[in-house]
Amino acid sequence: MKTITRSTCCYCGVGCGVLIESDGEKITGIQGDPAHPANYGRLCTKGMTLPLTVASKTNRALYPEIRINRDSERQRVDWDTALDTVALKFADIIRQHGPDAVAFYISGQLLTEDYYVFNKLAKGLIGTNNIDTNSRLCMSSAVSGYKLSLGADGPPTCYEDLELADCVLFAGSNMAWAHPVLYRRLEAAKATRADVKWIVIDPRRTDTAAMADLHLQIQPGTDVALFNGMLHHLIWEDLIDPQFVAEHTDGFAELKQLVRDYTPRMAAEICGITEADLMTAAEWFGRSQGALSLYCMGLNQSAHGTDKNLALINLHLATRQIGKPGAGPFSLTGQPNAMGGREVGGMATMLAAHRDITNADHRAEIARLWGIDTERLSPTPGLPAVEMFNAIRAGKIKALWIACTNPVHSMPDLNLIREALDTAEFVVVQEAFLNTDTVPYADVVLPAATWGEKSGTVTNSERRISRVRPAIQGPGEVRGDWWIANEVARRLEAQIHPARFSLFGFANEEQVFNEHRRLTEGKDLDITGLSYGVLESHGPQQWPMPIVEAYGETRGQARRYEDGVFATADGKARFNVTPYLPVAEPTNSRYPFHLLTGRLRDQWHGMSRTGRVPRLFAHTPEAALTMNPLDAERRGLKAGELVKVSSKRGGLILPLGLSDEVTTGSVFAAMHWNGQFLNSGGINESTIGAVDRKSFQPELKHAAVRVERADLP
Ligand code: SF4
């Protein structure tokens with residue numbers, strides 16, 4: 001008998017609703033959910049092929065496995081043995097070296113309930129803040145941008161704004177490929193309104209840029225100069241809103257002083273575009289009824305990612321393009337639940353419900369809600385992703401638990417990541433798939449359920465919380481991620497805090513969600529009005545959604561700051577002074593090319609899922625390094641021949657592709673291809689671990705490289 005299960009796509013931050021068709025044992029089909037407000041029935045190629053990713057057991061992690069030492073093969077064990085082994089080893093290391101000798105590296109692919117239990121395990125039980133996530137690589141600059149300007153994390157916008165904006169500014173986002181269903185909504189809106197202008201800021205002529213009314217093909221990393229120049233022109237043209245600036249913001253005078261120097265001519269010169277184009281972009285933005293910025297990795301994955309976010313938000317605040325329909329700075333989350341991870345504080349630099357680790361009152365609140373001594377919560381922020389792996393390499397962190405992510409492919413400067421995992425005393429990998437570059441480093445493999453098999457919630461880019469429901473039982477002995485973390489936590493609690501045996505009594509994911517929502521009471525993301533019951537009866541909802549008359553019991557808030565009151569202590573938004581700084585690693589005569597990295601339309605991250613679907617290779621069948629034909633001609637290189645692309649840190653061999661989508665002096669490689677497909681970990685062999693000092697997000701989008709004909713044996 002066919003069953004239909006309502007759930008959510010597990011790929012990107014659009015968070016499309018899906019209807020899964022199953023026969024009780026197998027998933028037999030999928031459709032977009034016509035009732036889901038993110039996609040109204042649409043799906044992209046990745047979403048439509050999701051059933052094929054769980055159709056086969058090949059390379060699935062099916063049973064817990066342990067290896068006795070680094071020279072032996074992993075052997076199948078039962079769950080109790082695996083869970084006891086992890087708990088005892090963690091307890092042993094904590095006793096010998098202290099709580100900060102262990103760490104967790106988790107994922108924006110996890111559900112909110114999974115994230116919650118991991119976060120409580122690290123911070124509430126062990127007393128370390130060494131828990132970070134691959135979301136650090138994805139949107140941490142957006143988080144710090146929102147907090148420093150608007151006072152709180154989270155976009156003030158919603159998907160409805162896509163249809164209401166008459167100026168859409170894409171900054172570092174190839175939305176046509178990375179967020180395809182939202183892009184279709186924008187396309188449809190543009191087709192019916194003659195007044196809509198699209199500005200695309202991107203060093204590459206992407207599919208999104210090809211459709212723009214104005215493509216600003218800036219030099220890599222020059223976004224801040226562009227935004228400062230645009231603000232200069234907006235001030236000159238009297239397109240700012242002085243009343244809004246005076247009543248609802250702070251810091252404009254200092255910023256005005258800075259941007260005085262960023263004349264359109266000077267800024268355009270830095271960016272490598274024309275002064276006229278810069279001024280046109282500023283005027284379209286400033287004169288529109290609703291200017292909506294959509295931004296993603298191109299801004300965030302940068303050593304100056306926070307400043308790029310802030311400089312863009314400065315434009316919105318100066319022109320009052322915020323807190324009204326069709327306007328606002330809208331960061332698009334890459335992963336399906338990067339937002340949920342932020343909500344539960346599942347990162348090294350934050351506590352649950354957008355609280356701060358360094359704030360004693362916030363720690364006291366969490367301690368009270370968890371029923372633990374405040375002293376248990378460390379006041380010292382943990383180590384964010386890049387620093388975490390550096391600390392493992394230095395021997396300071398002895399044990400690492402990796403869940404649902406593949407750092408030996410996705411982190412920058414992969415040689416250092418492999419070195420770190422070789423150095424670690426104990427590595428746990430919790431995974432659904434065995435063919436990742438990280439699994440070979442595991443002392444223990446904990447087999448996890450994946451899409452179609454697990455239950456919980458996710459939050460998409462517009463703060464909308466949706467249910468994820470299982471359509472089938474997973475194969476072998478796979479378990480939900482929250483369950484695995486909870487079982488180890490119960491055992492570890494008995495080891496290191498035997499007097500207390502109550503922090504991890506969760507019997508199901510709904511109980512985890514209920515505890516999470518209790519922690520949000522009175523905070524900017526209050527969801528005390530939301531429950532699994534409300535999600536069941538009324539569908540996905542946006543936060544905040546407190547139990548108050550204004551929103552009723554079942555309706556979240558679409559837009560934030562419509563009353564002009566921001567989440568800062570005095571209610572005023574902050575302008576931030578953002579001088580332009582160049583990329584972390586400028587090109588030079590030995591490494592003369594800007595390496596740009598990005599995504600393909602039909603692949604996802606390290607391809608552990610999309611790589612299982614042959615039809616997804618039809619769009620782009622193989623890895624390549626894309627170079628401008630003029631650069632290739634100068635070097636005597638031809639399309640299709642193998643070239644070695646290398647930085648100071650490492651390199652790899654790829655076939656050469658020629659296209660004028662990149663300007664001369666730049667080359668491009670997709671981030672997906674890895675050890676499954678290449679004789680290397682992928683393009684992150686060459687990228688640099690330089691991080692933004694405010695967000696700790698690494699500069700994955702840019703490195704200086706050289707390209708030469710591959711010297712094959
Ligand atoms: Fe899934 Fe994103 Fe495609 Fe929607 S747009 S179907 S969430 S991958």
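Here are a few things to note about the model shown:
- Hey, Val117 closer than 29 Å to Ser502 by Cβ, surrounded by 24 or more Cβ atoms within 10 Å (Cβ to Cβ) and touching a strand residue (DSSP E or B) at 6+ places or on another chain (Cβ under 8 Å) or not: no
- Flag if Gly640 is outside the structural domain of Gly305 (by TED's automatic domain parsing), small (Gly, Ala, Ser) and within 22 Å of Thr438 (Cβ to Cβ): no
- Tally of residues being surrounded by 15 or more Cβ atoms within 10 Å (Cβ to Cβ), away from the ligand (no atom under 14 Å from the Cβ) and acidic (Asp, Glu) across the range 20-38: 1
- Within the range 622-713, strands (runs of 3 or more DSSP E) holding 3 or more residues that are under 30 Å from Ala348 (Cα atoms): 702-709
- Residues satisfying the criterion are present in the range 410-425 (criterion: more than 16 Å from the ligand (Cβ to nearest atom) and farther than 30 Å from Ser646 by Cβ).
Per-residue answers, yes or no, for (1) among the charged types (D, E, K, R); (2) in a loop (DSSP other than H, G, I, E, B); (3) under 14 Å from Ala352 (Cα atoms); (4) modelled with pLDDT of 95 or more:
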{"residue": "Asp524", "(1), (2), (3), (4)": "yes, yes, yes, no"}
{"residue": "Leu530", "(1), (2), (3), (4)": "no, yes, no, no"}
{"residue": "Met545", "(1), (2), (3), (4)": "no, yes, no, no"}
{"residue": "Gly556", "(1), (2), (3), (4)": "no, yes, no, no"}
{"residue": "Arg560", "(1), (2), (3), (4)": "yes, yes, no, yes"}
{"residue": "Gly564", "(1), (2), (3), (4)": "no, yes, no, yes"}
{"residue": "Ala567", "(1), (2), (3), (4)": "no, yes, no, yes"}
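- Enumeration of residues in the range 245-266 that are under 32 Å from the mean Cα position of the chain (by Cα) and touching a residue at least 60 places away in the same chain (Cβ under 8 Å): Val245, His248, Thr249, Asp250, Gly251, Phe252, Glu254, Leu255, Leu258, Tyr262
- Residue check: Gly323 meets all listed conditions (1) closer than 27 Å to Leu226 by Cβ; (2) surrounded by 24 or more Cβ atoms within 10 Å (Cβ to Cβ); (3) away from the ligand (no atom under 16 Å from the Cβ) but one, namely (2).
- Within the range 88-113, tally of residues that are over 29 Å from the mean Cα position of the chain (by Cα) and either of a type in the set (Gly, Ala, Ser) or part of a loop (DSSP other than H, G, I, E, B) (or both): 2
Here's the yes/no breakdown for (1) within 16 Å of the ligand (Cβ to nearest atom); (2) outside the structural domain of Trp604 (by TED's automatic domain parsing); (3) surrounded by 15 or more Cβ atoms within 10 Å (Cβ to Cβ):
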residue	(1), (2), (3)
Ser7	yes, yes, yes
Leu52	yes, yes, yes
Val77	no, yes, yes
Ala87	no, yes, yes
Ala91	no, yes, yes
Ile94	no, yes, yes
Gly98	no, yes, no
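- Number of the condition not met by Met1 [criteria: (1) surrounded by fewer than 20 Cβ atoms within 10 Å (Cβ to Cβ); (2) farther than 30 Å from Val444 by Cα; (3) away from the ligand (no atom under 16 Å from the Cβ); (4) touching a residue at least 60 places away in the same chain (Cβ under 8 Å)]: (4)
- Residue satisfying condition, being surrounded by fewer than 22 Cβ atoms within 10 Å (Cβ to Cβ) and either assigned to a loop (DSSP other than H, G, I, E, B) or at pLDDT below 95 (or both), within set Glu453, Glu419: Glu453
- Close pairs (8 angstrom Cβ cut-off, 6 or more residues apart or separate chains): of a type in the set (A, V, I, L, M, F, W, C) in the range 69-81, assigned to a loop (DSSP other than H, G, I, E, B) anywhere: Val77/Tyr63; Val77/Pro64; Trp79/Pro64; Trp79/Glu477
Listed here are the residues, each with its yes/no results for (1) buried (at least 24 other Cβ atoms within 10 Å of the Cβ); (2) polar (S, T, N, Q).
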{"residue": "Gly345", "(1), (2)": "yes, no"}
{"residue": "Ala348", "(1), (2)": "yes, no"}
{"residue": "Arg363", "(1), (2)": "no, no"}
{"residue": "Arg368", "(1), (2)": "no, no"}
{"residue": "Arg376", "(1), (2)": "no, no"}
{"residue": "Pro379", "(1), (2)": "no, no"}
{"residue": "Asn390", "(1), (2)": "no, yes"}
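- Here Val534 meets each of (1) surrounded by 16 or more Cβ atoms within 10 Å (Cβ to Cβ); (2) at pLDDT 95 or above; (3) among the hydrophobic types (A, V, I, L, M, F, W, C) with one exception, condition (2).
- For the residues Gly47, Gly17, Gly13, Gly41, the requirement of being on the phi > 0 side of the Ramachandran plot, modelled with pLDDT of 95 or more and within 13 Å of the ligand (Cβ to nearest atom) singles out Gly41.
- Flag: Thr58 does not match the condition of being more than 7 Å from the ligand (Cβ to nearest atom) and closer than 21 Å to Gly108 by Cα.
- Entry remark, the range 577-618: residues being buried (at least 20 other Cβ atoms within 10 Å of the Cβ) and more than 20 Å from Asn674 (Cβ to Cβ) number 6 in total.
The values are calculated or read from the model by the stated rules, or taken from the named source; none is laboratory data. The shown structure was predicted, so the numbers you read here are calculated from the model rather than taken from an experiment. Neighbour counts are summed over all protein chains in view; Cβ atoms, including those assigned to glycine, are modelled from backbone coordinates with ideal geometry.
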